[in-house]
1. Counting Lys +1, Arg +1, Asp -1, Glu -1, what net charge surrounds Phe22 among other residues with beta carbon under 11 Å of its beta carbon?
2. Once you've got the GNM for the chain with C-alpha springs shorter than 10 Å, pick whichever of Ala203, Ala135, Ala16 has the biggest mean-square fluctuation.
3. Where does each of 177-183, 237-243, 82-88 land if you order them by average Cβ count within 10 Å, highest first?
4. Sort the following peptides by mean Cβ neighbour count (other Cβ atoms within 10 Å, averaged over residues), highest first: 100-107, 56-63, 27-34, 154-161.
5. Which value in deg cm²/dmol, rounded to the nearest 500, describes the helix-derived mean residue ellipticity at 222 nm for the chain, given -39,500 (n - 2.57) per DSSP H run of n ≥ 4 and division by the residue count?
6. So what are the ³J(HN,Hα) numbers for the range 230-238, from phi and the Karplus equation (6.51, -1.76, 1.60; θ = phi - 60°), rounded to whole Hz, Gly and Pro as x?
7. Give a residue-ordered list of calculated ³J(HN,Hα) values for the range 108-113 (Karplus: 6.51 cos²θ - 1.76 cosθ + 1.60, θ = phi - 60°; whole Hz; x for Gly, Pro).
8. Given H placed on each backbone N at 1.01 Å, which residues far from Val39 in sequence or on other chains put an amide H within less than 5 Å of it?
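The values are calculated or read from the model by the stated rules, or taken from the named source; none is laboratory data. Treat the numbers as computed from the prediction; the structure is a model and nothing was measured. Positions of Cβ are backbone-derived with ideal geometry, glycine not excepted, and every protein chain shown enters the neighbour counts. Heads up: the accessible areas ignore ligands, DNA and RNA and are worked out on the full protein's heavy atoms, side chains in. Shrake-Rupley method; radii C 1.70, N 1.55, O 1.52, S 1.80 Å.
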Amino acid sequence: MAAHKRQADRPTVLVANDDGIFSPGIKALGLAMATFADVVVSAPDVEQSAVGHGITIRRPLRFKHTAAAGFGEVPAHRVDGTPADCVVLGVHLTGLPDLVVSGINLGPNLGDDLTHSGTVAAAIEGMTLGVPAIAFSQQATPGGEYDFGRSAEYAARLAQQVLARGLPPRTLLNVNFPHGVPRGVRVTRVGEHRWEDAIVTRADPEGREYHWVAGTSRAADAHDEDTDYGAVQAGFISVTPVRIDLTARDLLAEVAGYVPGLS
């Protein structure tokens, strides 16, 4: 497949998500990026929330242009795979972009959510391919509604700053928007928000057991506006620099002191 023809005087942005190509959040984000950049959309054909950083390796993937997604002249492709698959195919089939953006997710991605979020995983995949990346998510109103206008406008402004300044290696930005009019912007750390899992067991019409994984949201630092969770709960946009370095460097010497040798 030939790469999308790009304009030499504009940056290139790959837009992905985990809610699927027909989500209003990705449409708002893609069209906002198109106001200043040459955009390609590569998104799942169905919702892929909470799939984490999975990559499909045991079956083929489809990459189909999808005019019905409503992006106008912006080329939009749907992939029958994970958010990370979408970034891999988007980069290799349409060309290396200057920036990868993911979202705008229906619901926030805060604290421990980052470890299973498909939205964040798409940004991680862009980062691992050497491309600056930003994940965007939005809190719903109490009635479960979303208005992406202000969020998409801010996303475009932040994306232009990242394009101009870059990001350090193995670093991405995780951005969460509150519902309503933001009170301001906070640069935050990843908080302690997590889900306390609960298993709901029921029986189907034939009497066989099945199980739902449910949970209750918990945040020990919920009122700390220096955290992503606390900032969003207080009505601020949260911008969190996230570095993907899994090595516990402070423990290297300690562990080396007790690890048994082969003899």
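1. Values: positive: Lys27, Arg78; negative: Asp19, Asp45, Glu47.
With Lys, Arg at +1 and Asp, Glu at -1, the neighbours total -1.
2. Ala203
3. Most protected by this proxy first, the peptides run 82-88, 237-243, 177-183.
4. In decreasing order of mean packing, 100-107, 56-63, 27-34, 154-161 become 100-107, 27-34, 154-161, 56-63.
5. -7000 deg cm²/dmol, from helical runs alone.
6. x, 5, 5, 4, 8, x, 9, 6, 9
7. x, 10, 10, x, 5, 4
8. The answer is Val13.
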